[in-house]
Amino acid sequence: MDFDENRTGRQMKGGRSQRARYLFVASAVASTLWLIAGPYGPAVTWAQHEHTTSITAPAIGAQAVDFELKLLDGKSVSLQQWRGKPVVINFFASWCDPCRDEMPLINEVAAGADKGGYRVIGIAVEDTRAAVTQFSKEAKLTFPVGLDLNSTIKRAYRIFGPPATFFIDAQGTVRDIVLGPMTPERAREALKKAGAA
């Protein structure tokens, strides 16, 4: 192999190496964008792409995103199975001080669920099963609690940090959202909007 052939071979190898680096960088950028944007809703089929409306995070007046969640007691629950009754979803974490401060109020809201004809569910985010179980006992939570282990529900509802509470009417429409700690007055107002009071 003479000098020119050797140089051409190095250029080809360098070109392959450069393409490999480009593909690696492109893959890393795509992965980063996926982590930043995240799948903020359930999987979208091709048929759904043809509609004029797209799946977005629940907003007031929009349909709540359905989910299935395993509760701490081992049972499974889905939002769909509670259709026909208003639902209060409280996102919390055992390590979150505002959540801890708010829990007596959420317990109070849950205590009125039977009389008001609605359901309350707690969804722990960014937490561990052991910590949530311990907190549930300490706070004497009177409503079902599930753990969103892979943050699927958190992403679907675009919760950036707990606490956050969604008030959903009997038809599955979000009627009010409280981001951050809630006052008793705000809870009463939101329950009325959802037809739960």
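Taken together, the values in this text are just the output of simple stated rules run on the coordinates, not laboratory data. Quick caveat: nothing in here was measured; it's all calculated off a predicted structure. Here the Cβ positions follow ideal geometry from the backbone for every residue, glycine too, while neighbour counts run over all protein chains shown.
Listed values, structure above:
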| item | result |
| --- | --- |
| Lone unmet requirement of (1) over 17 Å from residue 58 (Cβ atoms); (2) out of contact with any Gly (no Cβ under 9 Å at 6 or more places or on another chain) for residue 177 | (1) |
| Matching residues, the range 79-101, being farther than 26 Å from residue 63 by Cα and crowded, with 16+ Cβ neighbours inside 10 Å | 94, 96, 100 |
| Complete set of residues in the range 122-144 that are under 16 Å from the mean Cα position of the chain (by Cα) and not charged (D, E, K, R) | 122, 123, 124, 125, 128 |
| Scan of the range 62-107 for residues that are part of a loop (DSSP other than H, G, I, E, B) and within 16 Å of residue 156 (Cα to Cα), ordered by number | 62, 64, 65, 66, 67, 79 |
| Members of the range 164-197 that are among the small types (Gly, Ala, Ser) and under 18 Å from the mean Cα position of the chain (by Cα) | 164, 172, 180 |
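Conditions tested, residue by residue: (1) in contact (Cβ under 8 Å) with a residue 12 or more places away in the chain; (2) within 17 Å of residue 115 (Cα to Cα).
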| position | (1), (2) |
| --- | --- |
| 153 | yes, no |
| 165 | yes, no |
| 171 | yes, no |
| 188 | no, yes |
| 195 | yes, yes |
